[in-house]
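Trainee: Could you have a look at this structure, given as structure tokens, before my questions?
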Amino acid sequence: MIKSMTGFGSAKGNSGKLEITVEVKSVNNRHLDCTVKIPRVFSSIEESLKSIVQNNISRGKVDVSVYIDSSGSDDIEIKVNHSLAKSYITALREIAWDNELGSEISVTDLTRYPDILQATRREVDTDLLSKDISEILKFALDSFDKMRILEGEKLKADVTARLCEIEKLTAMAEEISPETIALYKNKLENKITEVLQSTSIDEMRILTEVAIFAERVTIDEETVRLRSHIAQLRELLELDEPVGRKIDFLLQEFNREANTIGSKGNNAAMSKIIVDLKAEIEKIREQAQNIE
């Protein structure tokens, strides 16, 4: 099925008491360019997340954003420096004794001194966190893919319609081509008559010249190849794999045949057909820039 290179998907989940949100978004790009945005403290799992993206997406500029909310967790631990507290108590009592002061010391008094209480963050199980974020990323990619498939169906419908129009224009070119040869024959006869000032014309010479001209301007080979390219593109649209690059290449062949037909056609009607034909090819090329 056809997938668009642009899309967005998100998913939420938990790892222990950490709340995790993963967002995936992408825009067009010739190759795969993946960027992972994650809090620096967890940057060690960045490469594993990129690997998951590479297994699911072949091209596009992909941004993965991981948000970790620890507000609901109890990962802050308060530790008491008991030896330091005892040293402060001893020192305070000595001051009180030497200066004949009261020696009552409260807990609040002690907490005013630095390093008595130390707040530390409990270590996070990185392996578990990596596993949980990876699973949430996969759900986000599922959501992301649904949007890309939906957009891909629209792209496929548009390209298919334009292929039908190219077929019509190709048939019109095939109808006009014999008229071009007949027009050349009439012009050649008129020119010879004018030059010789006589109606006595060597008909075989005329037919020979027309045959040479017809061989030079016939577009049968080009239209056969063009129809073959149309069939190939329709087949590509039905494949269940990334086909954007293949379509890009095939459209170059479309343009080559259109240019050749245009160079062989030498009348206004054919020129108009070629202009319309190349316009449709260009519109497909623009759409192909959005196809994975």
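Trainee: Filter the range 31-44 for residues that are surrounded by 13 or more Cβ atoms within 10 Å (Cβ to Cβ) and farther than 14 Å from residue 65 by Cβ and give the result.
Mentor: So the first thing to find is which residues in the range 31-44 are surrounded by 13 or more Cβ atoms within 10 Å (Cβ to Cβ), and the list is 32-34, 36, 38, 42.
Passing the criteria: 32, 33.
Trainee: So, of the residues in the range 218-272 that are of a type in the set (Asp, Glu) and assigned to a helix (DSSP H, G or I), which turns out to be nearest to the chain's Cα centre (by Cα)? So that I can check it myself, show each step before the final result.
Mentor: Within the range 218-272, the subset of a type in the set (Asp, Glu) is 220-222, 235, 238, 240-241, 248, 253, 257.
If we keep only those that are assigned to a helix (DSSP H, G or I) too, we end up with 220-222, 235, 238, 248, 253, 257.
Working: 220: 37, 221: 36, 222: 33, 235: 21, 238: 19, 248: 14, 253: 23, 257: 28 Å.
Among those residues, the one meeting the criterion is 248.
Trainee: Further, regarding this structure: Any idea how many residues of the range 261-288 are of a type in the set (Val, Ile, Thr), surrounded by 14 or more Cβ atoms within 10 Å (Cβ to Cβ) and at pLDDT 90 or above? Please lay out each step first, then the result.
Mentor: Of the residues in the range 261-288, the ones of a type in the set (Val, Ile, Thr) are 261, 273-275, 281, 284.
Retained after the next criterion (residues that are surrounded by 14 or more Cβ atoms within 10 Å (Cβ to Cβ)): 261, 273-274, 281, 284.
Among the residues that remain, those that are also at pLDDT 90 or above are: 273-274, 281, 284.
Here the count works out to 4.
Trainee: Right, here's the next one. Could you count how many residues in the range 61-70 are small (Gly, Ala, Ser) and modelled with pLDDT under 95?
Mentor: Summing the residues that are small (Gly, Ala, Ser) and modelled with pLDDT under 95 in the range 61-70 gives 1.
Trainee: Could you please let me know if residue 52 is more than 20 Å from residue 142 (Cα to Cα), of a type in the set (A, V, I, L, M), in contact with a helix residue (DSSP H, G or I) (Cβ under 6 Å, 6 or more places away or on another chain) and surrounded by 15 or more Cβ atoms within 10 Å (Cβ to Cβ)?
Mentor: Against the criterion (more than 20 Å from residue 142 (Cα to Cα), of a type in the set (A, V, I, L, M), in contact with a helix residue (DSSP H, G or I) (Cβ under 6 Å, 6 or more places away or on another chain) and surrounded by 15 or more Cβ atoms within 10 Å (Cβ to Cβ)), residue 52 does not qualify.
Yes/no per residue for (1) in contact with a Ser or Thr (Cβ under 7 Å, 6 or more places away or on another chain); (2) closer than 26 Å to residue 247 by Cα; (3) outside any helix (DSSP H, G or I):
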| position | (1), (2), (3) |
| --- | --- |
| 14 | no, no, yes |
| 26 | yes, yes, yes |
| 30 | no, yes, yes |
| 35 | no, no, yes |
| 48 | yes, no, no |
| 66 | no, no, yes |
| 78 | no, no, yes |
| 90 | no, no, no |
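Trainee: If you don't mind, another one. If residue 143 passes every condition in (1) among the hydroxyl-bearing types (Ser, Thr, Tyr); (2) over 23 Å from residue 244 (Cα atoms); (3) at pLDDT 85 or above but one, which one does it miss?
Mentor: Failed condition: (2).
Trainee: Further question on the same structure: Are any residues in the range 235-292 touching a Gly at 6+ places or on another chain (Cβ under 9 Å) and more than 26 Å from residue 32 (Cβ to Cβ), and if so, which ones?
Mentor: Once the filter is applied, which keeps residues that are touching a Gly at 6+ places or on another chain (Cβ under 9 Å) and more than 26 Å from residue 32 (Cβ to Cβ), the range 235-292 yields 270, 271, 273, 274, 275, 277, 278.
The values are calculated or read from the model by the stated rules, or taken from the named source; none is laboratory data. Just so you know, these numbers come straight off a predicted model, no measurement behind them. Counting neighbours? That spans all protein chains shown, and the Cβs are built from the backbone with ideal geometry, glycine included.
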